[in-house]
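Each remark here refers to the structure printed beneath this line.
The values are calculated or read from the model by the stated rules, or taken from the named source; none is laboratory data. Since this is a predicted model, take the numbers as computed values, not measurements. Note: accessible area is taken over every heavy atom of the protein model, side chains too, but ligands, DNA and RNA are not part of it. Shrake-Rupley method; radii C 1.70, N 1.55, O 1.52, S 1.80 Å.
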Amino acid sequence: MFSLKQNCWFIKKVVIWRAVASIAWSVLLLPVTTAVFVLLSRFSLFHPIQWISECTSLLTASTTIFTLVVLCGVVLMIGFFNLEFYTLVPSIRCSRMSLLGTVLHPRQCVHSLVYCTMGMLVMWCASVTIGGRYSTLGTPCRQSESGEFVTCLNEYHLFLLLAGAFMGYSHSFLGVVQNMYYVSFQPIQQYKYPRFKGSLPAVVKGSVIQSLYSARNFAALYFFFGYVPKTWIASTLNLQIDSSLQPLDSLTGLLDFSLLYHLAISGTFLYLTWYLTVLLFRIYVTEAYSFPVQSTFTEDAEQCLPKVLTEKNTSVMKFLALQDLALLSQHSLSRRREVFSLSQPGGHPHNWNAISKECLSLLSELTQRLVAHQDAVASNGRVKSQSASIDIRSASSSSSGTEDILETPRLSVPLRTPGSVFKSSVGGAHSALTAPFTPDVDSPFSSPAIRRLVGQQNPHSPWFGTVQSPHVMRRGPKLWSASTESQTNGSPLASPATIPSPPAANQKPSFLTQWMQNRREQVKSFLAKRVLIVYLFNKLPEASSQALFADSQAHIWALQGLSHLVAASFSEDQFGVVQTTLPSILSCLVVLLEAVDRHFKLPHASSKPARTICSMGDSTYKTLRFALRAALKTAIYKITTTFGEHLNAVNISSEHRKRLQQFLEFKE
């Protein structure tokens with residue numbers, strides 16, 4: 001219990017205080033952005049002295065101070081949402097229907113409603129600051145019949161308020177579509193101020209462009225449907241509509257340069273305030289943190305690097321620890337010596353064992369994921385061979401029998417079918433890791449071969465319990481040609497001639513079961529012909545590949561840290577703690593490289609996505625698979641160039657030795 005409380009306090013110290021610091025700086029920047037907005041809203045080219053004097057008096061007015069207080073509340077709420085919804089692993093939707101379901105989720109609807117409210121608050125502050133015809137919702141007007149003064153609806157003020165609600169919803173919607181809450185770590189570390197200074201022009205440009213897009217879309221929307229909210233609000237608040245003024249839901253009313261100008265700069269002010277809060281949060285959260293490698297006191301052991309690397313509940317701490325590992329492996333000689341040191345008393349390399357075990361566990365988990373995905377793609381009626389499973393088992397083999405020597409984490413179950421991989425090795429068929437690329441067996445367009453493969457067969461089916469159909473087996477294997485189970489049991493591989501025949505006729509399904517299956521197939525064939533259904537349910541081309549490597553930044557750091565530590569051990573490891581685990585490390589890297597190479601041979605895996613311009617959504621996750629492949633080859637080259645011909649004395653398989661020889665000869 002004490003360890004858990006200490007760990008929670010440590011997480012709060014690192015993460016919460018960074019978020020608080022980012023919000024504080026966002027609040028401090030509000031007067032600057034507000035002053036710029038005041039200057040632009042009261043801009044007068046032909047009366048510069050009057051313009052400056054009006055802006056000066058407005059900045060010191062009580063209304064401006066009150067609007068700053070309201071804006072501070074909005075910034076606090078934005079900062080809370082950033083802390084609540086941020087993620088280090090982006091949510092990638094593999095179909096348009098999945099994206100639509102996320103947008104219509106009740107939690108997302110509440111999120112959009114809150115952002116609409118905050119958008120209206122910001123636009124109210126902007127309209128009060130601009131003043132003039134935008135200042136209040138009600139304005140006195142004279143009735144044409146009686147000549148009396150009554151309170152009429154100020155449509156200009158209402159127009160800005162509704163525009164703020166529209167921009168708030170657009171921001172919430174784009175947060176889902178563009179993964180705006182995804183926080184990525186920079187490959188090159190910078191201090192906070194240079195990074196903020198370098199990102200500021202892009203943020204300003206993105207705010208202007210997004211404001212223009214939103215103003216255009218809202219103007220078109222108000223042109224067609226503006227009469228509805230205007231009439232409803234006027235009747236609800238008992239306000240009259242001034243018929244002497246040109247309505248804004250008409251073409252002549254919208255072609256007002258002053259109105260469009262104030263709408264554009266107000267939208268820019270709104271987006272800039274929110275985007276700066278997001279930018280500062282990203283800068284502070286991803287700042288490098290130096291963890292102690294080992295601690296003298298027991299109560300501080302939970303804050304050490306080997307312990308934090310195994311953190312499961314808070315992913316940001318794990319990412320910061322892996323980032324620190326990659327940095328210390330390259331730039332800190334004293335901390336590398338602590339990694340290679342032995343415990344006293346006992347003389348055990350606990351630091352190196354814990355760090356290398358966690359890195360190898362991450363890389364092995366990625367290998368299992370890639371193999372599972374390749375099995376799912378190649379599961380159109382073909383049986384796998386032993387090549388993939390042999391490589392993974394060889395990577396998991398121990399280099400010696402002592403208990404102090406680290407082993408690469410073995411697969412918990414043999415890779416027999418993609419169904420077994422999905423259910424056992426990566427946390428279930430619909431776990432968070434496999435959900436983006438697991439075959440959707442409940443989809444009306446899933447094939448019977450996929451459903452048989454993942455284990456959801458009908459027990460009454462005539463093929464239940466058999467291996468494959470002889471007609472399917474006749475096509476031969478595509479990527480694999482044998483099963484792992486036959487190797488494990490030592491039995492010869494089954495040939496098509498020895499495949500058991502279908503069950504007897506007395507085990508046929510009942511009439512009701514057959515009728516239900518026929519109706520289901522008819523419904524599926526009917527829906528498959530509908531263009532809209534196919535458009536919504538079809539898988540997006542690159543989504544599965546992007547989802548596989550969504551968290552690959554952690555694997556990139558693990559590769560960098562492990563390879564640089566192994567290379568540094570050639571001259572710095574006085575006790576030889578790294579050399580005992582070198583076979584497992586090399587085998588793990590080679591197996592992962594083979595899995596990555598197979599993945600890039602799949603359709604759409606090697607196609608690079610188009611760059612998004614002027615968007616606060618971080619799209620670096622779309623190219624993580626290319627960064628991982630480059631980091632993996634760099635890691636192997638780092639080890640092979642350091643050890644050279646000494647690698648011939650390492651106890652690894654002949655296949656892995658041949659692959660490493662290509663790196664030694666610089667043929668990769």
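With the alpha-carbon atoms as the only input, what is the per residue convex hull volume for segment 338-379 in Å³?
So the per-residue hull volume is 50 Å³.
List, in the order given, every pair from Lys638/Lys667; Lys197/Lys622; Lys12/Lys312; Lys633/Lys658; Lys318/Lys633 whose Cα-Cα distance in the structure shown is over 18 Å.
Long pairs (Cα-Cα over 18 Å): Lys197/Lys622; Lys318/Lys633.
How large, in percent, is the carbon and sulfur part of the accessible surface of segment 256-319 at a probe radius of 1.4 Å?
Carbon with sulfur: 57 percent of the solvent-accessible area.
Amide H to amide H, which residues 5 or more places from Cys152 or on other chains are under 5 Å from it, using H placed in the peptide plane?
Under 5 Å from the amide H of Cys152: Thr139, Cys141, Gln240.
List the pair-distance distribution P(r) of segment 190-338, using every Cα-Cα distance, as the percent of pairs falling in each 5 Å bin from 0 up to the bin containing the longest distance, rounded to whole percents.
2, 8, 11, 11, 10, 9, 8, 7, 6, 6, 6, 5, 5, 4, 2, 1, 0
Of all the accessible heavy-atom surface of segment 37-81, with the other protein chains kept in place and a 1.4 Å probe, what percent is carbon and sulfur?
80
Just to confirm my numbers, what's the Cα centroid distance between segment 38-66 and segment 222-266 in Å?
26
Would you mind working out the accessible area per residue for segment 53-113, using a 1.4 Å probe, and quoting it in Å²?
With all protein chains present, segment 53-113 gives 52 Å² per residue.
How long are the semi-axes of the equivalent ellipsoid of segment 519-668, taking √(5λ) for every eigenvalue λ of the Cα gyration tensor, in whole Å from largest down?
Ellipsoid half-lengths, sorted descending, are 42, 19, 13 Å.
Once the cut-off is 19 Å, how many percent of the Cα-Cα pairs in segment 113-182 end up in the long-distance tail?
47
Kindly write out, for segment 569-579 in residue order, the coupling ³J(HN,Hα) from the Karplus curve 6.51 cos²θ - 1.76 cosθ + 1.60 (θ = phi - 60°), rounded to whole Hz, with x marking Gly and Pro.
Values per residue, Gly and Pro as x: 5, 4, 10, 10, 7, 6, 9, x, 6, 7, 5 Hz.
Just from the alpha-carbon atoms, what are the Rg and Dmax of segment 173-213 in angstroms?
12.5, 33
Evaluated at 37 °C with a viscosity of 0.692 mPa s, what Stokes-Einstein diffusion coefficient in µm²/s does segment 81-214 have when Rh comes from the Kirkwood expression over alpha-carbon pairs?
182
Cα gyration tensor of segment 1-125, axes a ≥ b ≥ c as square roots of the eigenvalues: rounded (a/c below 1.5), prolate (a/b > b/c) or oblate?
Cα axes put segment 1-125 in the oblate bin.
Counting only heavy atoms of the protein chains, get the accessible area per residue of segment 322-372 (1.4 Å probe) and round it to a whole Å² value.
Dividing the accessible area of segment 322-372 by its residue count gives 35 Å².
Using the Kirkwood radius over C-alpha pairs as Rh, can you work out the diffusion coefficient of segment 21-89 via Stokes-Einstein at 25 °C, viscosity 0.890 mPa s, in µm² per second?
178
Compute the semi-axes of the equivalent ellipsoid of segment 8-51, taking the square root of 5 times each eigenvalue of the Cα gyration tensor, and list them largest first in whole Å.
41, 6, 4
Bins of 5 Å, beginning at zero and ending with the bin holding the largest distance: percent of Cα pairs per bin for segment 158-252, please.
Cα pair-distance distribution for segment 158-252, in percent: 2, 10, 14, 18, 14, 11, 9, 7, 6, 5, 3, 1, 0.
May I ask you to give the percent of accessible area on segment 88-204 that is carbon plus sulfur, with a probe radius of 1.4 Å?
Taking all protein chains in place, segment 88-204 shows 65 percent carbon and sulfur surface.
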